[in-house]
Amino acid sequence: MSNIPNPLDSILVPENKKKIKIFKKNENENCCYYKIEREDHTLGNLLHSQLLTDKNVLFSGYKKPHPLEHFIVLKIITDGKISPNEALDSSLKDIYIKLSLVEDCIKV
Amino acid sequence: MDLKINKVSNYDLGITIDNMSLSLVNALRRTMMGEIPTLAIELVKFEINTSIFHDEFIAHRLGLIPIKSEKAIDFKFTRECNCDAHCYKCACYFTLDISCDDENKSVYSTDLETKISNKNDLGSSVFPIHFSGSNKLIEKKPILISKLKPGQRIKLIGIAKKGIGKRTCQMESRFVG
């Protein structure tokens, strides 16, 4: 009856989709695409800038293809010493450590 | 990482941070604005409305009134609650019953009353914020909802639910710059 999209569309992951989907090109094993559902620039920009500080990562980029579709696409290319999955893993752990440092500063 | 606090009050907080990347600060800012749960009036049931404004107009204004949400964490989201539509565990009820007799009358946010079923309800400590302390012009004035002429009456129940700023801008918890 009305055109309003469900406001929970931008927050909750629907049941038929997974949170992260990995696309891989067969030519290059060090290049990987990740499609992350129900996330936006809050996480995308943070992950992308943290990946750029890693020495083994050659390329990282993220985009939100359409403002009304709530997912981001993240691309990582490494130089072969570590796989893109490991680079993503270590950058997420670094972000967690940095945020817990901020928490300690605030509590004091 | 150094944190220095520039300005503290009940409504303001100013911080200077050294040695932090811009994207991390921006992520904190976006999370503060969009993902902290607050309460806001979402449903309004009208019994009597003989004022000059139509129902949706007054409901829209009621939805934008900020509500003290320190207890918002204890409330449940409506989609997670076991009840049918809403209950005292996932929503907070406000009533408004104003009639105008002699002179022109203004309806303020101080006229909204909290309706609770017993003293242990979560809703007993929830009330609308009546004035903005940081803006000196409107510091002591409550929020104006509507105006009535003699013979007009408004009676309604407002149902406030828990939500986050990403969902609707009524539930944005704060302004961060």
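The values are calculated or read from the model by the stated rules, or taken from the named source; none is laboratory data. The structure presented is a predicted model; accordingly, all values stated were derived computationally and were not measured. Side chains included, ligands, DNA and RNA excluded: accessible areas come from the protein's heavy atoms. Shrake-Rupley method; radii C 1.70, N 1.55, O 1.52, S 1.80 Å.
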Under the Karplus relation with 6.51, -1.76 and 1.60 and θ = phi - 60°, whole-Hz ³J(HN,Hα) for region A:40-57, x at Gly and Pro, equal 9, 4, 3, 8, x, 5, 5, 5, 5, 6, 6, 5, 5, 7, 7, 5, 8, 9
Expected 222 nm ellipticity per residue - DSSP helices of 4 or more, -39500 (n - 2.57), all of the protein assembly as shown, to 500:
-6500 deg cm²/dmol
Protein accessible area in region B:1-108, 1.4 Å probe - carbon and sulfur %
50
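In this model, which of A:19/A:55; A:24/A:107; B:7/B:147 are farther than 32 Å apart at the alpha-carbon? Let's see the in-between values first.
Details: A:19/A:55 27 Å; A:24/A:107 43 Å; B:7/B:147 38 Å.
Result: A:24/A:107; B:7/B:147 exceed 32 Å.
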At a Cα cut-off below 20 Å, give the aspartates and glutamates reachable from residue B:45, other chains included and same-chain residues fewer than 8 away excluded.
B:55, B:56, B:84, B:97, B:111, B:113
Looks like the protein assembly as shown, by Cα gyration tensor root eigenvalues a ≥ b ≥ c and the a/c under 1.5 rounded cutoff (else prolate when a/b is bigger than b/c, oblate otherwise), is prolate
List every residue whose amide H lies under 5 Å from the amide H of residue B:152, counting only residues 5 or more places away in sequence or on a different chain, with H placed 1.01 Å from N in the peptide plane.
B:100
Under a 5 Å amide H to amide H cut-off, with H placed in plane at 1.01 Å, what residues pair with residue B:108 once short-range neighbours are removed?
B:145
Euclidean distance of C-alpha centroids, region B:62-100 and region A:47-108, integer Å
38
Applying the gyration tensor rule to the Cα atoms of region A:1-94 (axes a ≥ b ≥ c; rounded if a/c under 1.5, else prolate if a/b exceeds b/c, else oblate), the class is prolate
Residue-normalised value, i.e. accessible area per residue, for chain A at 1.4 Å probe, in Å², stands at 69
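Which pairs in the list B:141/B:162; B:71/B:161; A:21/A:63; A:35/A:63; A:64/B:166; A:93/B:4 are over 19 Å apart, alpha-carbon to alpha-carbon? Before the final figure, lay out each step's value.
On the way: B:141/B:162 26 Å; B:71/B:161 12 Å; A:21/A:63 15 Å; A:35/A:63 10 Å; A:64/B:166 16 Å; A:93/B:4 26 Å.
Flagged as over cut-off: B:141/B:162; A:93/B:4.
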How much length, in nm to one decimal, is gained on full extension between residue B:6 and residue B:117, taken as 0.36 nm per residue of separation minus their Cα-Cα distance?
35.6 nm
Area buried, chain B against chain A - accessible surface, total, 1.4 angstrom probe, square angstrom
1600
Which whole-Hz ³J(HN,Hα) couplings does region B:35-51 yield from phi under the Karplus relation 6.51 cos²θ - 1.76 cosθ + 1.60, θ = phi - 60°, glycine and proline marked x?
10, 9, x, 9, 9, 7, 6, 10, 10, 10, 10, 8, 9, 9, 8, 10, 7
Roll a 1.4 Å probe over the protein heavy atoms and report the accessible area of residue A:17 in Å², nearest 10.
90
